[in-house]
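To keep things clear, I will list the structure first and then write my remarks on it.
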Amino acid sequence: MAKREFGTKIKAGRYRGRIHPDFDRPAFRLSLASVREFTASPSVEVLLDSRNRVVGTTLPVDPPRHIEAVIKEFRPQGFHRLKTVAVASKDRKAWRGAAACLARNVPTPRPLACLARRAAGVVSESYYVSVRVFGAREIRHLLRELGGEARRQLLAELAAFIRRAHDKGILHRDLSDGNILVAGGPPPAGAPRPAFVRDDAPGVPYEFYLIDTNRIRARRGIGWLARVKNLVRLGVPAEDQMFFVDAYLGERRGSARLRAWYKKKKKNYTDYVALKKKLGLRGLAKRLRIS
């Protein structure tokens, strides 16, 4: 029997998709029908405008109730656009990735809706809507700003977070420091314990969230080689890389094989990124409209 997909099917204007049952209200559906106007509005906060466009905005749910949301507009081009005839669009993949995280208690911004418009079977517009997490930012910033023991504390907690996600079968296939949000940090001496700290993790000063959930896949189990390989995209400073890997491995930190595997895959990935920059492959792909 096919597993029932999370959320409720919706038709919102020209779009088809799914909506979180808790937000299935007429006003919210109406706002989703105008999602393109929201992303193009000069009043929204543009968080990213590159291969995809990401904006922060306020959406009506049940007036006067509103919600602060993030809308990600996918811009399928070239071959990736043609693929949507046979495979799920990125908005639907993002929805399924977020639903998998929620089902397995791995933090991610709450999914609100996914929407796509098709023409002749091909996706021409695609959107994913989630709750905005204020006070959180990409972990890449803290990795650059912190040093010494402060950074190692962050890395130790990050390692524990990723280990828990892997233990629960959540594999992010683009686990970069731009796809992990982090909120909070060590409070000043004598300050009260932050409200965002979970009851099941007393004393933990950071809260992490996985984003870019269209790259997330749910697995029954993840082998150790795949786990360690999954860490290499994170921009951990060179001097702390093995500290981070050992923190992730825990009781397996003495495994010379896994440590060597990380070093090999990290070097391969670093060399690949350097070559791609040297050849300008990203710009070429953009000009050819294949990315």
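Here, each number is a calculation from the coordinates, and none is a lab measurement. Bear in mind the structure is a predicted one, so any value in this text is a computation, not a measurement. For neighbour counting, all protein chains shown are included, and Cβ atoms are generated from backbone atoms with ideal geometry for every residue, glycine included.
A few comments on the model shown:
- Too-long pairs where the Cα-Cα distance tops 29 Å, listed order kept, from Lys168/Lys265; Lys9/Lys229; Lys168/Lys276: Lys9/Lys229; Lys168/Lys276
- Helix-only CD estimate at 222 nm, as mean residue ellipticity for the chain, using -39500 (n - 2.57) per DSSP H run (n ≥ 4): -11000 deg cm²/dmol
- The trypsin sites (Lys or Arg not before Pro) of region 1-31 meeting both criteria, a DSSP state outside H, G, I, E and B (loop) and at most 10 other C-beta atoms within 10 angstrom of the site's C-beta, are Lys3, Arg4.
- Dipole of region 8-131, positive end: most advanced residue of His66, Ala103, Ser43 [Cβ charges, Cα centre]: Ala103
- For the chain, a simple Cβ point-charge model (Lys and Arg +1, Asp and Glu -1, everything else neutral) yields a dipole of about 1780 debye relative to the Cα centre.
- Sequence-separation-based contact order of region 8-131, relative, with Cα cut under 8 Å and 6+ spacing, percent: 25
- 0 to 90° range, to nearest 10: angle between helix 148-167 axis and the chain longest Cα axis: 60
- On Cα atoms only, tilt of 90-103 relative to the major axis of the chain in degrees: 60
- Neighbour counts of other Cβ atoms within 10 Å put Lys266, Lys72 in the fewest-to-most order Lys266, Lys72.
- Across the alpha-carbon set of the chain, the Rg to Rh ratio works out to 0.98, Rh being the Kirkwood radius.
- For the chain, excluding the exposed loop sites themselves (chymotrypsin sites (Phe, Trp or Tyr not before Pro), DSSP loop, at most 15 other Cβ atoms within 10 Å), the longest remaining stretch covers 1-133.
- Anisotropy class of region 41-190 from Cα gyration tensor, a/c 1.5 cut: prolate
- Note on region 136-277: with charges restricted to the Cβ of Lys and Arg (+1) and Asp and Glu (-1), its dipole about the Cα centre is near 900 debye.
- DSSP-defined antiparallel bridges as percent of all bridges, the chain, nearest 5: 100
- Using a cutoff of 8 angstrom between alpha carbon atoms and counting only pairs six or more residues apart, the relative contact order for region 136-277 works out to 29 percent.
- Of Leu181, Leu47, Leu258, the one that fluctuates the most in a GNM where the chain has Cα springs shorter than 10 Å: Leu47
- Rounded Å value of the spacing that divides the Cα centres of region 113-133 and region 1-49: 8
- Relative contact order computed over the chain (Cα-Cα under 8 Å; 6+ residues apart), in percent: 16
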